[in-house]
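**Student:** Quick one: the structure is below, questions incoming.
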Amino acid sequence: MIPIAKAAGAWVHVDGAFGLVARASRRKRPLLEGVDQADSWATDGHKWLNVPFDCGIAFVRDREAHRAAMTIAASYIAANSGARDQIDWNPEWSRRGRGFAIYAAIRELGRRGLEDLVDRTCGYCERLVTGVGAMPGAEVVRLPHLNQGLVRFLDQRRGAIDADHDRRTDEVIAAINATGEAFFSPTTWLGRRAMRVSVVNWRTTDADVDRTLEAVKVVLARA
Ligand SMILES: *Cc1c(COP(=O)(O)O)cnc(C)c1O
């Protein structure tokens, strides 16, 4: 789509708040092919990189357009045309050093560590979605492309309709959350209720996934 948009004179911006980081994974990189042709990207540090809120990053190919959109001059601000001044490149004049946390996270992880974080969380999501989806009374709604997928829970009574499955889905989600073992949020996908499976924390382990699957199994066996 980018060449088509460019041919029409459009600026192409990619909202990569979550997904852009998947470029760090050799396995997932093909999903982001062509993104390098965009004029600008936005991404977040406080999602997959796990740095504290609130940490967003913009990348703009056209340096002058970026500066012109963000810079604000005032007579009492000393300008030094020879040095980069952050007030020319972002919407704030005052802010804490968000860049430091990003730098520290990337230095600590390294290229392989970041790739491993992406692959690991994607793999856990896949295990959770397929594992829960295979349980009696559950089904897969969306397999994950990255680290998010959807499942739902079915009302086993004969003649149950979509509204019953929706109610059952909300009940099972509440029951899983009440165990304290895992936390899932409900969502609506194409008009049906579903459970959102999203794995992003760098501390999540294989054992956490096992425990979560067990908790779901116990809830489903209850009623
Ligand atoms: C999280 C998210 C946002 C919102 O970004 P914040 O920086 O957290 O406010 C926008 N777009 C997408 C695709 C997101 O995942």
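The values are calculated or read from the model by the stated rules, or taken from the named source; none is laboratory data. Since the model is a prediction, treat every value here as computed from it, not as a measurement. Note that we place each Cβ from the backbone using ideal geometry, even for glycine, and neighbour counts take in every protein chain shown. Areas reflect the complete protein model, heavy atoms only, side chains present, ligands, DNA and RNA absent. Shrake-Rupley method; radii C 1.70, N 1.55, O 1.52, S 1.80 Å.
**Student:** If we scan the range 72-81, do we find a residue that is touching a residue at least 12 places away in the same chain (Cβ under 8 Å) and away from the ligand (no atom under 16 Å from the Cβ)? Full working, then the answer.
**Tutor:** Residues of the range 72-81 touching a residue at least 12 places away in the same chain (Cβ under 8 Å): 72.
Still in the list and also away from the ligand (no atom under 16 Å from the Cβ): 72.
Yes, the conditions are met somewhere in the range 72-81.
**Student:** Determine whether the range 164-179 contains at least one residue that is modelled with pLDDT of 95 or more, open to solvent by 30 Å² or more (accessible area, probe 1.4 Å) and touching a helix residue (DSSP H, G or I) at 6+ places or on another chain (Cβ under 8 Å).
**Tutor:** Yes, some residue in the range 164-179 is modelled with pLDDT of 95 or more, open to solvent by 30 Å² or more (accessible area, probe 1.4 Å) and touching a helix residue (DSSP H, G or I) at 6+ places or on another chain (Cβ under 8 Å).
**Student:** Among what's in the range 1-19 and is open to solvent by 70 Å² or more (accessible area, probe 1.4 Å) and within 15 Å of the ligand (Cβ to nearest atom), pick the residue that is nearest to Asp119 (Cα to Cα). Give the derivation first.
**Tutor:** Here is the first cut: in the range 1-19, the ones open to solvent by 70 Å² or more (accessible area, probe 1.4 Å) are 1, 3-4, 6-8, 11, 13, 15.
Now drop any that are not within 15 Å of the ligand (Cβ to nearest atom), which leaves 13, 15.
On the way: His13: 26, Asp15: 21 Å.
Filtering the range 1-19 for residues that are open to solvent by 70 Å² or more (accessible area, probe 1.4 Å) and within 15 Å of the ligand (Cβ to nearest atom), the one nearest to Asp119 (Cα to Cα) comes out as Asp15.
**Student:** Would you be able to tell me the number of residues in the range 20-46 that are touching a residue at least 40 places away in the same chain (Cβ under 8 Å) and surrounded by 18 or more Cβ atoms within 10 Å (Cβ to Cβ)?
**Tutor:** In the first step, residues of the range 20-46 are kept if they are touching a residue at least 40 places away in the same chain (Cβ under 8 Å); the result is 21-22, 24-28, 31, 45.
Retained after the next criterion (residues that are surrounded by 18 or more Cβ atoms within 10 Å (Cβ to Cβ)): 21-22, 24-25, 28, 45.
Final tally of qualifying residues: 6.
**Student:** Now for a separate question. Cβ contacts < 8 Å: first residue within 16 Å of Gly133 (Cβ to Cβ), restricted to the range 209-223; second residue among the polar types (S, T, N, Q) and open to solvent by 30 Å² or more (accessible area, probe 1.4 Å), any location; separation 6+ or different chain. Result?
**Tutor:** Matching pairs, first to second residue: Ala215/Thr179; Val219/Thr179.
**Student:** Identify, by number, the condition in (1) open to solvent by 60 Å² or more (accessible area, probe 1.4 Å); (2) within 16 Å of the ligand (Cβ to nearest atom); (3) not assigned by TED's automatic domain parsing to the domain that holds Leu20 that Arg95 doesn't meet.
**Tutor:** Here Arg95 meets the rest and fails (3).
**Student:** Ok, one more. Looking at (1) under 19 Å from the mean Cα position of the chain (by Cα); (2) in a helix (DSSP H, G or I); (3) within 16 Å of the ligand (Cβ to nearest atom), find the lone condition where Asp54 falls short.
**Tutor:** So the condition that Asp54 fails would be (2).
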